[in-house]
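Working notes, beginning with the structure itself.
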Amino acid sequence: MLSTAWKSYEADKRIEGFSPYTLKAYGIQAKLLISYFKDPIIATFNTEGLKKYLVTQGKDLKPSSLAHRIRFMKSLFRWCHEEGHLTINPAAKIKEPKAGKRIPKFLSEREIELLREACISPMEKALFELMFSTGCRIGEIAALDRNCIN
């Protein structure tokens, strides 16, 4: 069953040290796949069925989201093949869509000054200046350990 294979795959990737966020995202993709195919025996998958799934379920997705879905499928079915659950990998020949180049978004000098002025406490001002001057993301700053800052 696909759900059983997914549980084993997830456990393996957890042991390998995959990020909890990656595992959560893959879990969502696994649920979508299991739901669409009605949790079949893993050996019944073929390339045409996976392509049909991508066409019907991915038609409204951005290329980057569709590529994520394909990367998950390729990883899952490669693992199933390597573990001996499949004789051939049905996702091996599926290619990711070309992703367009994203232009970075940035703030104007006026917007930066408005944000700087909106800071109330000295802590807010310090955090804003840290983010602005280093380019750190909010999550990276939140994860900082005060004892590790020189």
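Looking at the range 20-128, which trypsin sites (Lys or Arg not before Pro) are DSSP coil and have at most 14 other C-beta atoms within 10 Å of their C-beta?
Values: sites: 24, 31, 38, 51, 52, 59, 69, 71, 74, 78, 93, 95, 98, 101, 102, 105, 110, 116, 125; in loops: 38, 59, 93, 95, 98, 101, 102, 105.
For trypsin sites (Lys or Arg not before Pro) across the range 20-128 that sit outside H, G, I, E and B with at most 14 neighbouring Cβ atoms in 10 Å, the list reads 38, 59, 93, 95, 98, 101, 102, 105.
Hey, could you grab the Kirkwood Rh for the chain? Inverse mean 1/r over distinct alpha carbon pairs, Å, one decimal. Walk me through the numbers before you get to the answer.
Values: mean 1/r = 0.0530 Å⁻¹.
Roughly 18.9 Å, rounded to one decimal.
Using a 10 Å cut-off around each Cβ, can you sort 42, 94 from fewest to most neighbouring Cβ atoms?
Listed from fewest to most nearby Cβ atoms, that is 94, 42.
Dipole of the chain (Lys/Arg Cβ +1, Asp/Glu Cβ -1, origin at the Cα centre): which of 136, 42, 28 lies farthest to the positive side?
Of the candidates, 42 comes out farthest on the positive side.
By how many nm would the segment from residue 57 to residue 14 grow when fully extended, if each residue of separation counts as 0.36 nm and the alpha-carbon distance is taken off? Don't skip to the answer; put the middle values down first.
On the way: separation 43, 0.36 × 43 = 15.48 nm, distance 2.73 nm.
Working it through step by step, the gained length comes to 12.8 nm.
Cα to Cα, under 21 Å, and not fewer than 8 places away if on the same chain: which lysines meet these conditions relative to residue 24?
Qualifying lysines at Cα under 21 Å: 7, 13, 38, 62, 74.
Computed on alpha carbon atoms, what radius of gyration and Dmax characterise the range 2-82, expressed in Å?
12.3, 34
Show which aspartates and glutamates lie in cross-link reach of residue 51 when reach means a straight Cα distance below 14 angstrom and same-chain residues fewer than eight apart are skipped.
Hits, sequence-local ones excluded: 96.
Between residue 39 and residue 111, how high is the FRET efficiency from 1/(1 + (r/R0)^6) when r is the Cβ-Cβ distance and R₀ = 41 Å? Nearest 0.05. Don't skip to the answer; put the middle values down first.
Working: r = 50 Å, r/R0 = 1.21.
The pair residue 39/residue 111 has a calculated efficiency of 0.25.
Read-outs throughout are calculated quantities, based only on the coordinates presented, and are distinct from any laboratory measurement. All figures in this text were calculated on a predicted structure; none of them were measured in a lab. Neighbour counts run over all protein chains shown; Cβ positions are idealised from the backbone, glycine included.
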